[in-house]
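The values are calculated or read from the model by the stated rules, or taken from the named source; none is laboratory data. All values reported here derive from a predicted model rather than from experimental measurement. Every residue, glycine as well, gets a Cβ built from its backbone with ideal geometry; the counts of neighbours run over all protein chains shown.
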Amino acid sequence: MKKVFELRNVSYRYPAGAVLSDINLDIYEGERVVIVGPNGAGKTTLLQILDGLLPARGHVKAFDMLLDEKTLKSDVMYEFRKRVGLVFQDPDVQLFSPTVLDDVAFGPMHLNISKDEVLKRAEKALRLMGIEDLKDKHPYNLSGGEKRKVAIATVLSIDPDVILLDEPTADLDPKSRRELIDTINTLSRKGKTIVTATHDVDAIPELADRVYVLNRTVMACGTPREIFTDIELLKKANLEIPQIMRLFRVLECFGYNCEKLPLSIDEAIAELTRTVETEGGHIHLHIHEHTHSELEKLKSRFDHH
Ligand SMILES: Nc1ncnc2c1ncn2[C@@H]1O[C@H](COP(=O)(O)OP(=O)(O)OP(=O)(O)O)[C@@H](O)[C@H]1O
Ligand SMILES: [Mg+2]
């Protein structure tokens, strides 16, 4: 598989102080990678380095190009901008035109394509985000969730190979969040490489082939299952587990024998189906002598997190 990003011993400091150090990271073509970590961990900084916006120290390679200070100021970044798009954490940074349509058409307008094609691309992006009815509105007058959707559309209209998303589900209502996750996965199936920084642990099993746990440096990297079943890591990184996984941990206190802890609804359906089928058509739960103490322990661990 081709590498899209390769970072070796990368560090970054703002004038106020060091933020990232000794970052080693690889992202491959077509992968869905999630970056998770507490507030101030450096997720946004890292995405901006991947987007070629911040000159970091160390080895940052995107495709086959070294992103050093000289490259970042050179014309080759024009091609790079067509291939990599970042949706900012703060949508206000991304929206500056008099109408939503102008904002979403802004990227394709700089791609050397016909006006018709620009409009087609913009309308397709609006449709993908389900916001055609917002197109004549002033971005300033939108709700938080609407702004988020427009900001995502401004990047989708460029149709980049690599999409970097900084907290894309923040401010979205449950239905919009669900639709966005589906849209991201549809784009992934079309071959896009998708890197998402998020606190939304419930979304991680649905948005990640691989997860990087970040706190100023890379603390761990693995599949969602590897990350969420590493109790020591969860404690060290102050990381929550998905709700569905918590529920099955609770069921275990009631004697449920879980073969493989489900991380998502689909996995929960598979797990429950397996149990019902192998245990004669029903699921057996009971309160045993350790149920209450195990539940207490479990709850204090969740609270601790
Ligand atoms: N422009 C800046 N100048 C100085 N310090 C900054 C700047 N931007 C971020 N920082 C600092 O760098 C650290 C990492 O910030 P960053 O925004 O990358 O974290 P994050 O993981 O994205 O956090 P969050 O989950 O809150 O979005 C923070 O301590 C922050 O205060
Ligand atoms: Mg951030």
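In the stretch 196-209, is there at least one residue being touching a Lys or Arg at 6+ places or on another chain (Cβ under 9 Å), closer than 30 Å to LEU46 by Cβ and part of a strand (DSSP E or B)?
yes
What number of residues within the stretch 7-44 are surrounded by fewer than 21 Cβ atoms within 10 Å (Cβ to Cβ) and either within 13 Å of ligand 2 (Cβ to nearest atom) or not assigned by TED's automatic domain parsing to the domain that holds LEU233 (or both)?
The number of residues fulfilling the criteria is 5.
Which of the following residues is surrounded by 12 or more Cβ atoms within 10 Å (Cβ to Cβ), more than 25 Å from GLU6 (Cα to Cα) and touching a residue at least 40 places away in the same chain (Cβ under 8 Å): LEU272, LEU263?
That would be LEU263, the only listed residue that is surrounded by 12 or more Cβ atoms within 10 Å (Cβ to Cβ), more than 25 Å from GLU6 (Cα to Cα) and touching a residue at least 40 places away in the same chain (Cβ under 8 Å).
Cβ-Cβ below 6 Å, separation at least six or inter-chain, first residue in the stretch 85-107 and closer than 13 Å to GLY144 by Cα and outside the structural domain of ALA62 (by TED's automatic domain parsing), second surrounded by 22 or more Cβ atoms within 10 Å (Cβ to Cβ) and not charged (D, E, K, R): which pairs?
Taking only residues 6 or more apart or on different chains, not a single pair turns up.
Which condition number in (1) of a type in the set (D, E, K, R); (2) within 22 Å of GLN89 (Cα to Cα); (3) surrounded by fewer than 17 Cβ atoms within 10 Å (Cβ to Cβ) is the one that GLU206 fails?
In the conditions (1) of a type in the set (D, E, K, R); (2) within 22 Å of GLN89 (Cα to Cα); (3) surrounded by fewer than 17 Cβ atoms within 10 Å (Cβ to Cβ), GLU206 misses (3) alone.
Restricting attention to the stretch 112-167, which residues are under 26 Å from the mean Cα position of the chain (by Cα), under 18 Å from VAL93 (Cβ atoms) and outside any helix (DSSP H, G or I)?
Once the filter is applied, which keeps residues that are under 26 Å from the mean Cα position of the chain (by Cα), under 18 Å from VAL93 (Cβ atoms) and outside any helix (DSSP H, G or I), the stretch 112-167 yields MET129, LEU142, SER143, SER157, ILE158, PRO160, ILE163, LEU164, LEU165, ASP166, GLU167.
When you look at ASP200, is it in contact with a Ser or Thr (Cβ under 7 Å, 6 or more places away or on another chain) and either under 20 Å from PHE88 (Cβ atoms) or away from ligand 2 (no atom under 16 Å from the Cβ) (or both), yes or no?
Yes.
So which helices (runs of 4 or more DSSP H) are wholly in the stretch 1-94 and hold at least 1 residues that are among the aromatic types (Phe, Trp, Tyr)?
76-83
For the stretch 61-84, check the following and say yes or no: at least one residue is within 25 Å of HIS199 (Cβ to Cβ) and within 16 Å of ligand 1 (Cβ to nearest atom).
No: the stretch 61-84 contains no residue that is within 25 Å of HIS199 (Cβ to Cβ) and within 16 Å of ligand 1 (Cβ to nearest atom).
Picking from LYS260, LYS299, which residue would you name as being assigned to a helix (DSSP H, G or I) and either under 30 Å from GLY191 (Cβ atoms) or out of contact with any His (no Cβ under 9 Å at 6 or more places or on another chain) (or both)?
LYS299
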